[in-house]
Each structure stands twice: as structure tokens, then as C-alpha cells.
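No lab work stands behind these numbers, since they all come straight from the coordinates. This is a predicted model, so every value here is computed, not measured. All Cβ positions, even for glycine, are placed from backbone atoms using ideal geometry, and neighbour counts span all protein chains on display.
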Amino acid sequence: MALSHQFVRGLQDAVNDNFDLLPSELRRMAAPVVPLRRPSLEVDLPTLATKLEPETGILWARMKHQDRACYTPSLVGDSRSYQIYLQEQCGHLSADEMPFRYLVWTSEAKGAFSLGGDLAFFTECVRSGNERALRDYAQRCIDVLHDNYNALGLPVLTVALVTGDAIGGGLESMITNDIVVAERGAKFGLPEILFNLFPGMGGYSYLVRKVGERAARAFIEDGKSRSAEEMLELGLVDVLAEPGQGEAALREHLGSHGSRFNMLRTIRRACKRVDPVQKTELLDIVNIWVDLAMQLGADDLRRMDCLARVQEKKRVRT
């Protein structure tokens, strides 16, 4: 999904000689202005808003979840377009030149980081036999999560600030980050087995690298939800915060490790090099997932409908 015209209109004080700085998706649009010589990293898209804090080195990426507290096709599209934008604007910069150190993903929905893939969209695709739409969505999710896992190829660290439940694809996306800060009371789980599916957007691949095969299989096969305390013990949460104190805990953690940023980033790179998650592996698995999803029966789809209503209830109210 291309970025909105609102994004393009926000690129002010433009100059004609920097048109090639924009992502290809934007260059195809009939924009009222041409891009900036020094473009802003702050955008306000329908499903995603970003804000840069130069003093802390934090680039906030807040998911709005206005329709459903999950990865709707719109949110996946906005996230992917913004990733491409960051890569094109910052890909040539060294660590010292980067305008931010940490890309922090969080949610504006009360009680929900993300409740997973868009189950209403899934059931619609299965019932209508629209395999292509489901496969396109799933592959775009892989693009977003794998690039986040690799920090977009930029000299930064990715961070998840989890102030509410991270379920299904929400947990899959969370564990692609270098640092996870979670508040007590948040729940985590992979419930796909309850409707005869499995987490197809990389859950098993990322979990195996982090907790080993036995624990990864247990996570997927028992379908249970786990507490933030349990996730800390498993090593899937790095910082545990009291309810309502997640942002403060994140700032304190990043501030206390500021002098060691380059060392920490290098360690993360080295760990991923030892047993890297390859995109081909993820795409092979997600294709298996799509094939299985298209075979779901009526009872399975009704169970998904129930969880889809939970996603709807957790959306951001405007």
C-alpha cells in the first residue's frame, strides 16, 4: 500500500533536485509538492503515526488500531511503506550520522499491543476462496517482520513497548525486536491451534532462535497465554514494568545503556549471524500456512469469528 497523500503534503520546503529521495511508491503518485532536501521522519498515516525525539534518539512508531486491534491490511501496508521510506532516507548514513538510535513500536489501543493477524480478513478470504489476497497479505507481513528483525539494515536497534496483550501475530512481531519492554498484566500467546492453524508469519522460526526447539513447540502447540513475568523468565521480554510505567521504564533502560549502544547493537548483529532467520525460510512456511488456512472448515471459521470480535472491541475509540 502506498503512503497517503497526507504524508506527501507533509513534506514541505521541498526542492526539485531531490525527487529521487522518495520511495518508489511515492514517486509514482501525483504529489502536490516535491520532497525535502532534509525530509522529516515524522508522519501521520491512517494507521501509523511516528514522532522523532532527537534528544533521546527514539523514533516512536505508534499503531493506531482504529478498525481492529490487529494487523489489518492497511496497517501492514502503512508499516511497509514507512519502512521503505526510512531505508531510502537513512540507508546511506553511518551510526554517528543517524537521526535516531531506537525505532520503538507501540500501540495506542488500551490493553492491546496487537491481537494478531486480521481474522475478519482471513475468514472473508477463506469463505470467498480468495487465496491470492490472503497470500499477498501474508507475504507482506513477512516483509515487514523480517525487515524489522534486521533493523531495516540500519545502524539502529528495534524496540517493542508492550502495554497490552500481544497475541498471535502480535507476539510474532514483538519477538522480531532487539529489545522488548512489557508491562505487568499484559498477556502473550499463540492461539492459532485453537482453530487448527499455526502461527505462519515467522513465529516458530523466531522462537526457535530465541528459546530453542522444545520451548518453541510447546508455545505453539499448547495454545496457552503467558504472563509478562513468564515471558521475562523465557528471555522473550527484556524489561518488566509496572502497569502504566512502560514508557518510563523504556526511557530509563535506554538511557542507562546509551554509552554501550554500539556494543549492544554489534552483539545483536553477531547473534543473528550465528543462526540467521532467512527470508526464504519464512516465505516457504507462510505458503504452507496459506494452503492450510484455505482448507479450514466451518467450525474453525466460527472460532476465528469469535476472536475477530475481540479484535474489534479492542480498537482505538475515536
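With the chain treated as a Gaussian network of Cα nodes joined by springs under 10 Å, which of K110, K187, K64 yields the largest mean-square fluctuation? Highest fluctuation among the options: K110. What is the list of residues in segment 89-122 whose amide nitrogen lies under 18 Å from a point 7 angstrom out from the Cα of K279, following Cα to Cβ? From segment 89-122, the list is 89-92.
Within 9 Å, Cβ to Cβ, of V181, how many net charges do the neighbouring residues add up to if Lys/Arg are +1 and Asp/Glu are -1? Result for the neighbourhood of V181: -3.
Computing Cα extents along the principal axes in Å directly from the structure and comparing it against (i) 57, 45, 40; (ii) 61, 49, 46; (iii) 81, 44, 31 singles out (i). A Förster radius of 35 Å, combined with the Cβ-Cβ distance separating S40 from R269, puts the computed FRET efficiency at roughly 0.80. For the chain, modelled as a Gaussian network with Cα springs under 10 Å, which listed residue fluctuates most, N287, N130, N148? Maximum among the listed residues: N130. Straight-line reach from K272: taking Cα to Cα under 17 Å and skipping same-chain neighbours fewer than 8 places apart, the lysines in range are K210. In the chain, helices alone account for a calculated mean residue ellipticity at 222 nm of -13500 deg cm²/dmol, with every DSSP H run of four or more residues adding -39,500 (n - 2.57). DSSP beta bridges fully contained in the chain are about 35 percent antiparallel.
Comparing T47, Q87, G200 along the charge dipole axis of the chain, the residue lying farthest to the positive side is T47, per the Cβ-charge model.
Here K313 is the anchor, and the lysines within straight C-alpha reach of less than 19 Å, apart from those fewer than 8 places off in the same chain, are K64, K110, K187.
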